[in-house]
Amino acid sequence: MSIAVYPGSFDPVTFGHLDIIERASRFTDRLIVGVLNNSAKTPLFTVEERIRMIEECISGLKNVEVRSFSGLTVNFARQEKADFMIRGLRAVTDFEYELQLSQTNRKLAEDVDTVFLTTNLKYAYLSSSIVKEVASYGGDISEFVPDTVAREIMKKYEGKLRG
Ligand code: ADP
């Protein structure tokens, strides 16, 4: 049985992430989405909120689970007995960083490989930060995230819209 982890911040999950989750779930028996609990960053959503939002969006995918993790991603992958990690690639800018990250991870843990999925062109421009930026100015984010997620984001910005 093959097991993969898909780590990230998912603050919040977007259609780009969901596309990667859906496609990855087709070529591994179990996919564990790892939501990073990073005390150095101040996310818009708590880990619990991020997990709940992803779970609501992937309820149709029976072989996908969502868990939180902190610390090194390779340790999380080992703990989950994963055969490989999944990362998404959007543009050349992602590539340099992701290459460096995957090579560092290989140094730290030779047994954990990284598999890259290129983004669906429809979502190539999409990132959680862009979604938050647009939402903070009261812009329409319905093409970027599912309705349930859009509602949660708008709630966070209620009463404190910028610009
Ligand atoms: P990070 O892990 O850098 O905090 P994210 O949580 O935003 O970033 O993303 C997790 C993973 O999903 C990364 O591999 C990232 O490249 C990928 N990803 C993010 N947005 C998209 C998108 N629109 N299309 C494909 N992959 C994406």
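The values are calculated or read from the model by the stated rules, or taken from the named source; none is laboratory data. Everything numeric in this text was worked out from a predicted model, so none of it was measured. Positions of Cβ are backbone-derived with ideal geometry, glycine not excepted, and every protein chain shown enters the neighbour counts. Just the protein is used for accessible areas: all its heavy atoms, side chains included, with ligands, DNA and RNA removed. Shrake-Rupley method; radii C 1.70, N 1.55, O 1.52, S 1.80 Å.
Brief remarks follow.
- For segment 67-163, the per residue solvent-accessible surface stands at 63 Å², with DNA, RNA and ligands left out and a 1.4 Å probe.
- Net charge over other residues, Cβ less than 11 angstrom from the Cβ of Gly8 (K, R count +1; D, E count -1): +1
- Over the chain, the reciprocal of the mean inverse Cα-Cα separation, the Kirkwood hydrodynamic radius, stands at 16.3 Å.
- Rounded to the nearest 20, the Cβ-based charge dipole of segment 1-46 about its Cα centre (Lys and Arg +1, Asp and Glu -1) stands at 60 debye.
- Charge dipole of the chain about the Cα centre (unit charges at C-beta), most positive-ward option of Pro43, Gly88, Phe15: Pro43
- Which of Lys155, Lys62, Lys132 is most accessible, then next, and so on - probe 1.4 Å: Lys62, Lys155, Lys132
- The order of Glu48, Glu152, Glu133 by accessible area, most exposed first and with a 1.4 Å probe, is Glu48, Glu133, Glu152.
- Relative to the Cα centre, the charge distribution of the chain, modelled as +1 at Lys and Arg Cβ and -1 at Asp and Glu Cβ, gives a dipole magnitude of about 200 debye.
- Neighbourhood net charge (10 Å Cβ-Cβ; Lys/Arg +1, Asp/Glu -1) for Gly88: 0
- Across the chain, the longest run free of exposed loop sites, meaning chymotrypsin sites (Phe, Trp or Tyr not before Pro) lying outside DSSP classes H, G, I, E and B with no more than 12 other Cβ atoms within 10 Å, spans 28-124.
- Sum of side-chain charges, Ile20 neighbourhood, beta-carbon under 13 Å (Lys, Arg +1; Asp, Glu -1): +1
- Accessible surface of segment 22-64, 1.4 Å probe, proportion on carbon and sulfur as whole %: 48 percent
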